[in-house]
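J.: First, the structure itself, so that you have it in front of you.
Each reported figure results from applying straightforward, stated rules to the coordinates on display, with no laboratory input. Computed from a predicted model, the values in this text were never measured in an experiment. Backbone-built Cβ (ideal geometry, glycine too); neighbour counts: all protein chains shown.
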Amino acid sequence: MKKFEYQDKKDTRSGFGAGLYELGKKNKNVVALCADLTGSLKMNEFAKEFPERFIQCGISEANMMGTAAGLTIGGKIPFAGTFANFATGRVYDQVRQSIAYSDKNVKICASHAGLTLGEDGATHQIMEDIGLMKMLPGMVVINPCDYNQTKAATMTIAEHHGPVYLRFGRPKVPNFTPEDQKFEIGKAILLNEGTDVTIIATGHLVWKAIEAGEILEQKGISAEIINIHTIKPLDEEAILTSVKKTKAVVTAEEHLLNGGLGDSVAQLLGRKLPTPIEMVAVDDTFGESGKPEELLKKYGIDTDNVVEAAEKVLKRK
C-alpha cells in the first residue's frame, strides 16, 4: 500500500475561494454571484478585488440562477455560489429550465454539502444533490476530495463550456493531493494499485478509502483505490480496467445510496461487466445535527465501514 501523508487539514470551500480569486486575475469574463453567503463560501477575496464583477444577490437563490444564465448570453462565465441545499433542491426548476435545458455556461458552486455540514442539521445536510444534478442532461458533476483538488477544479471548469455542478464542503480535511496538479474533467485518479478489491471513492470519502486501504493491507487484502472526482462524465475506462483485475468493487461517498456515485458505478457494471459490489453511503434517511466525524460513524460512511464493505464483497467473489 502506497503511503499517503498530508501537511495540514483545510476545508474544501477555501479551495474554491482560492481558485475563484486566481481565476478573477486571469480571466476578466469570470463573474461571481452569491446568495448572502460570501464569507461561508470564501468568496470575500474575489468580491473585494473585483467588485465590478461580483453580484450579491441576497437570499434569492432562484433569481441568482436566472441572473447567472442571463450573464452567459453576454459572454460572461458566472460562478453562482451558495449552500448545496439551496443550489439544487431549492432552485431545481431554474437550474433545469434556464441552465441545463438551455446549455448555459453557468458554474453552480455548492458548499456545505453532505453530513459533514454537521451542526446545521438535516434541513441543510443535503445528500441527494449529486443524484439531482447528474440526472440533468449535459450537466457535469464534480466532487473533489481536498483543498488543492478543489482549487484546481475551480480553475479548470472555467475552461469547460457548459453547465457544471461543483460540490465542496465545510470541514477541514487532509490536504494530500499535489498543489500543482492538473485537473482533468472526467479523468479518474488511480491512488493505489491493488489486486483483491477496487475501492472507488469521491469527495471526503477518498481519504477514508485511503485509511481503509491501510487497514486492509494489515489484514492481507490488497486494495486498488480510485479517486473519482468527476461523477459525470464517469471515467468508465478506469473503472472497468481496475474491476477486470480485482473482480470486486466497493464505492464510498458522502451521499444517499440512491442516485450517487455507487448508482453510477453499478449501472456501468450491470451493462458492461457484472461484478459483486458493495456501496458505502447513507441509506434512505435524513441526517441530524452533530459533529461531522460522529455523524459519519453513525450513518455508516466512515473508514471502518469501507473496510467492512471490502471484506463483505470479497466473500461474494
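J.: Rounded to whole Å, give me the distance from the Cα center of segment 230-270 to that of segment 105-131.
T.: That distance is 21 Å.
J.: Strictly over 29 Å apart at the Cα level, which of 107/297; 3/182; 151/291; 10/247 would you flag in this model?
T.: Over 29 Å Cα-Cα: 107/297; 10/247.
J.: Across segment 180-191, in residue order, what do the Karplus-derived ³J(HN,Hα) couplings come to in whole Hz, using 6.51 cos²θ - 1.76 cosθ + 1.60 with θ = phi - 60° and x for Gly and Pro?
T.: 9, 5, 9, 8, 10, 4, x, 10, 5, 10, 7, 8
J.: I've got another one for you. Provide the gained length on full extension for the span residue 304 to residue 288, in nm with one decimal, where the gain is 0.36 nm per separating residue minus the Cα-Cα distance.
T.: 3.7 nm
J.: So who's got an amide H within less than 5 Å of the one on residue 77, skipping anything under 5 residues away but keeping other chains? H placed 1.01 Å off N, in plane.
T.: Here 30, 31 satisfy the definition.
J.: Pulled fully out, how much extra length does the chain show between residue 52 and residue 135, if you take 0.36 nm times their separation in residues and subtract their Cα-Cα distance?
T.: Working it through step by step, the gained length comes to 26.4 nm.
J.: Have a look at the DSSP beta bridges in the chain and tell me what percent are antiparallel, nearest 5.
T.: About 20 percent, rounded to the nearest 5.
J.: Separate question: Tell me, how many Å apart are the Cα centres for segment 156-171 and for segment 289-304?
T.: Here the two parts' Cα centres lie 26 Å apart.
J.: For segment 1-134, just say rounded, prolate or oblate: build the C-alpha gyration tensor, square-root its eigenvalues into a ≥ b ≥ c, call rounded for a/c under 1.5, and beyond that prolate if a/b exceeds b/c, oblate if not.
T.: oblate
J.: For each of 146, 235, count neighbouring Cβ atoms within 10 Å of the residue's Cβ, then give the residues from fewest to most.
T.: Lowest to highest Cβ neighbour count: 235, 146.
J.: Name the residues whose placed amide hydrogens come within less than 5 Å of the amide hydrogen of residue 191, ignoring near sequence neighbours (fewer than 5 apart) on the same chain.
T.: Residues meeting the criterion, in which the H sits 1.01 Å from N, are 225, 226, 227.
J.: Same structure again: Kindly provide the helix-only [θ] at 222 nm of the chain, computed as the sum of -39,500 (n - 2.57) over DSSP H runs of four or more divided by all residues, to the nearest 500 deg cm²/dmol?
T.: -10500 deg cm²/dmol
J.: Next question. Let me spell out the model: positive unit charges on the Cβ of Lys and Arg, negative unit charges on the Cβ of Asp and Glu, origin at the Cα centre of the chain. What dipole size does that give, in debye rounded to 20?
T.: The calculation lands at about 700 debye.
J.: Next question, about the same structure. Given the options 24, 75, 260, state which has the largest fluctuation in a GNM of the chain using a 10 Å cut-off (strictly under) for Cα springs.
T.: 75
J.: HN-Hα J couplings of segment 20-30 from phi, Karplus 6.51/-1.76/1.60, θ = phi - 60°, integer Hz, Gly and Pro as x?
T.: Going residue by residue, I get 5, 4, 5, 4, x, 6, 9, 10, 6, 7, 6 Hz, with x marking Gly and Pro.
J.: While we're on this one: Just the projected area, averaged over all directions, of the convex hull on the alpha carbon atoms of the chain: how many nm²?
T.: In nm², the orientation-averaged hull projection of the chain is 14.7.
J.: Further question: Restricting to Cα pairs below 8 Å that are 6+ residues apart, what does the relative contact order work out to for segment 185-247? Please round to a whole percent.
T.: The normalised contact order for segment 185-247 reaches 50 percent.
J.: Still on this structure, I have one more. Any idea what angle helix 205-218 forms with the longest principal axis of the chain, computed on alpha-carbon atoms, 0 to 90 degrees, nearest 10?
T.: 20 degrees
J.: Over the chain, what is the relative contact order in whole percent, taking alpha-carbon pairs under 8 Å and six or more residues apart?
T.: Reported relative contact order: 19 percent.
J.: Something else: What is the extension gain from residue 44 to residue 271, computed as 0.36 nm multiplied by their sequence separation minus the C-alpha to C-alpha distance, in nm to one decimal?
T.: Extra length from residue 44 to residue 271 when fully extended: 77.2 nm.
J.: Please list, ordered by chain and number, the residues whose modelled amide H lies under 5 Å from the amide H of residue 280; skip anything fewer than 5 residues away on the same chain.
T.: Here 251, 252, 253 satisfy the definition.
J.: Ordered by packing density, taken as the mean number of other Cβ atoms within 10 Å over each peptide's residues, highest first, how do 64-70, 47-53, 247-253 rank?
T.: 247-253, 64-70, 47-53
J.: Still on this structure: Hey, what did segment 166-317 get for relative contact order, percent, Cα under 8 Å, at least 6 apart?
T.: 25 percent
J.: Between residue 120 and residue 8, how high is the FRET efficiency from 1/(1 + (r/R0)^6) when r is the Cβ-Cβ distance and R₀ = 22 Å? Nearest 0.05.
T.: My answer for the efficiency is 0.35.
J.: Taking a ≥ b ≥ c as the square roots of the Cα gyration tensor eigenvalues, with a/c under 1.5 meaning rounded and otherwise prolate when a/b beats b/c, else oblate, which class fits segment 189-311?
T.: Note, shape of segment 189-311 comes out oblate.
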